[in-house]
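Asks: Just passing along the structure, written as structure tokens.
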Amino acid sequence: MKFIGFSLFAMLIGNIAYSQTVVNGKNSNPVLTAVPFLNITPDARSGGMGDAGVALSPGVFDTYWNPSKMAFLDNSYKASLSYTPWLRNIAPDVNMAYANFAKKLDDRNAIGASINYFNQGRVTAYDNNEVYLGAYQPNEFAIDFSFARKLGDNLSMGLTAKYIYSNIVGSSASVAGSAGHSGSALAASVSLFYTKAIRQFGNDGKFSFGTNISDIGTKMNYYSNGINYFLPTNLKVGVADEFKIDALSRLTLTLDLNKYLVPTPPLLGPDGTIIAGRSDDQSIVSGIFGSFSDAPGGFSEEIKEISYAAGAEYMYDDKFALRTGFFYENPYKGNRRYATMGAGYRYKNMMLDFSYLVATERTNPLNNTLRFTLSFDFGKGKY
């Protein structure tokens, strides 16, 4: 079966590859996962800050970044809609939509939910003899529910349950006699958030730390008797420093570190035997714990698997925001490197945000990515 279209490439572009590629004369070795759309930044605020957000001040998009932060929300109810035209340099009809809400239950508890829909556009299929088999529109989505609880005045914890559905292979597809089908999985996430008010430069400030281990779940496949792919289980760790410049202005600086907790593909010899690293055919638990020591290149390659996201936000009078940031991923682990910028404006209980991505290489398919977010606050919370 040969697909002429965008579907499989969209699957590959995030964090999955079916073979090693060459970068500067050396083999790259990206980590392989299914449904990489789960790690596409959905909101324009973090999208303007280098895709950092695990430790930012609590907001409605905590359902994605760090559900434990919802326990510190100051409004009783928040909701948002986000839209991202995706990889427009390659395909004009691919996009991602994200909708969510968060609600404070009382002084210590909060709940949230979200739906993430990824449309991969129209794909045409041909057999090995170039005979046209038809067209279809692959898509993926995830639905999750989160609960957050304060464990103290400065610390909170969050738990998330998620259902994932992926339909990127046409029903007429087959490989070596194995029929194609949609994939589904169940996943969970656990998160922590710590925040403390401090004095900085003679003004009020706040230091925050956040971490989120997301998408720990069942494997997924697309063909009967086919490969079982890990979900993009991801460890995010970040800090944020927010301080007032004057009575109306404040500045936030943030830094996130990310690492996939899935096996690194081993280095194979010409006959297919493993010459470095370990087999990536492992259980979910073994894959998570082994992900810190299984890279064929040893510790130096493990360090390369960490990506970095740094951002800054200037907020004036809690109404107007300017943002910028940078994301770095090692060239041998995906090579996503880009700068971001964005802006936001609040009118009464509504916030409109926009972000723009500029890749370091003009040929990067992520170049010129736009994100739009509309958020709402419903009623000042009594908690």
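The values are calculated or read from the model by the stated rules, or taken from the named source; none is laboratory data. For clarity, every value in this text was computed on a predicted model and none was experimentally measured. Ideal geometry is used to build each Cβ from the backbone, glycine not excepted, and the neighbour counts take in all protein chains shown.
Asks: If we keep just the residues of the range 357-383 that are at pLDDT 90 or above and surrounded by fewer than 17 Cβ atoms within 10 Å (Cβ to Cβ), which is farthest from S28 (Cα to Cα)?
Replies: Only one residue fits best here, namely F376.
Asks: Looking at the structure I just gave you, is A91 over 15 Å from the mean Cα position of the chain (by Cα), among the aliphatic types (A, V, I, L, M), farther than 21 Å from E313 by Cα and at pLDDT below 90?
Replies: Here the answer is yes, as A91 does meet what is asked.
Asks: When you go through (1) surrounded by 15 or more Cβ atoms within 10 Å (Cβ to Cβ); (2) at negative phi; (3) in a strand (DSSP E or B) one by one for G226, which number turns out not to apply?
Replies: (3)
Asks: Enumerate the strands (runs of 3 or more DSSP E) found wholly within the range 95-159, keeping only those where 1 or more residues are modelled with pLDDT of 90 or more and more than 24 Å from the chain's Cα centre (by Cα).
Replies: 95-104, 109-119, 139-150
Asks: For residues that are of a type in the set (G, A, S) and in contact with a strand residue (DSSP E or B) (Cβ under 6 Å, 6 or more places away or on another chain), scanning just the range 135-162, find the one that is farthest from T41 (Cα to Cα).
Replies: Top of the filtered list is A135.
Asks: Given (1) at pLDDT below 95; (2) of a type in the set (D, E); (3) crowded, with 19+ Cβ neighbours inside 10 Å; (4) in contact with a Leu (Cβ under 9 Å, 6 or more places away or on another chain), where does D317 come up short, assuming only one miss?
Replies: Here D317 clears every test but (3).
Asks: Just to be sure I understand, how many residues within the range 333-378 are within 20 Å of S114 (Cβ to Cβ), out of contact with any Gly (no Cβ under 9 Å at 6 or more places or on another chain) and of a type outside the set (A, V, I, L, M)?
Replies: 4
Asks: Also, I was wondering about something else. Run K69 past the list (1) of a type in the set (K, R); (2) more than 18 Å from the chain's Cα centre (by Cα); (3) modelled with pLDDT of 50 or more and report the number of the one that doesn't hold.
Replies: (2)
Asks: Something else about it: Report, by residue number, each residue of the range 328-349 that is assigned to a strand (DSSP E or B), charged (D, E, K, R) and more than 30 Å from P30 (Cβ to Cβ).
Replies: R346
Asks: Then there is this: Whether any residue in the range 320-327 is outside any loop (DSSP other than H, G, I, E, B), under 21 Å from the mean Cα position of the chain (by Cα) and free of Cβ contacts under 8 Å to residues at least 60 places away in the same chain is what I want to check.
Replies: no
Asks: Right, something else. Scan the range 189-206 residue by residue and report those that are outside any strand (DSSP E or B) and either of a type in the set (F, W, Y) or within 17 Å of G53 (Cβ to Cβ) (or both).
Replies: Of everything in the range 189-206, just one residue is outside any strand (DSSP E or B) and either of a type in the set (F, W, Y) or within 17 Å of G53 (Cβ to Cβ) (or both), namely F201.
Asks: Provide a single number: the residues in the range 43-67 that are in a loop (DSSP other than H, G, I, E, B) and over 20 Å from K259 (Cβ atoms).
Replies: 7
Asks: Answer with yes or no whether D241 is of a type in the set (D, E) and touching a strand residue (DSSP E or B) at 6+ places or on another chain (Cβ under 6 Å).
Replies: Here the answer is yes, as D241 does meet what is asked.
Asks: Looking at N349, N335, can you tell me which residue is farther than 24 Å from N258 by Cα, among the polar types (S, T, N, Q) and out of contact with any Cys (no Cβ under 6 Å at 6 or more places or on another chain)?
Replies: After ruling out the rest, the residue left standing is N349.
Asks: For V239, only one of the following conditions fails: (1) assigned to a strand (DSSP E or B); (2) surrounded by fewer than 16 Cβ atoms within 10 Å (Cβ to Cβ); (3) β-branched (V, I, T). What is its number?
Replies: Failed condition: (2).
Asks: Suppose we keep only residues that are in contact with a Leu (Cβ under 8 Å, 6 or more places away or on another chain) and free of Cβ contacts under 8 Å to residues at least 60 places away in the same chain within the range 94-124. Which one would you say is farthest from P58 (Cα to Cα)?
Replies: By that ranking, first place goes to A97.
Asks: Check off (1) farther than 16 Å from L32 by Cβ; (2) touching a residue at least 12 places away in the same chain (Cβ under 8 Å); (3) among the hydroxyl-bearing types (S, T, Y) for S291 and give me the number that stays unchecked.
Replies: Checking S291 against (1) farther than 16 Å from L32 by Cβ; (2) touching a residue at least 12 places away in the same chain (Cβ under 8 Å); (3) among the hydroxyl-bearing types (S, T, Y), the one that fails is (1).
Asks: Kindly list the number of the only condition in (1) at pLDDT 90 or above; (2) over 30 Å from S300 (Cβ atoms); (3) touching an Asp or Glu at 6+ places or on another chain (Cβ under 8 Å) that fails for Q200.
Replies: Unmet condition: (1).
Asks: Just a yes or no: is a residue in the range 256-278 surrounded by fewer than 18 Cβ atoms within 10 Å (Cβ to Cβ), of a type in the set (V, I, T), part of a strand (DSSP E or B) and touching a strand residue (DSSP E or B) at 6+ places or on another chain (Cβ under 7 Å)?
Replies: yes
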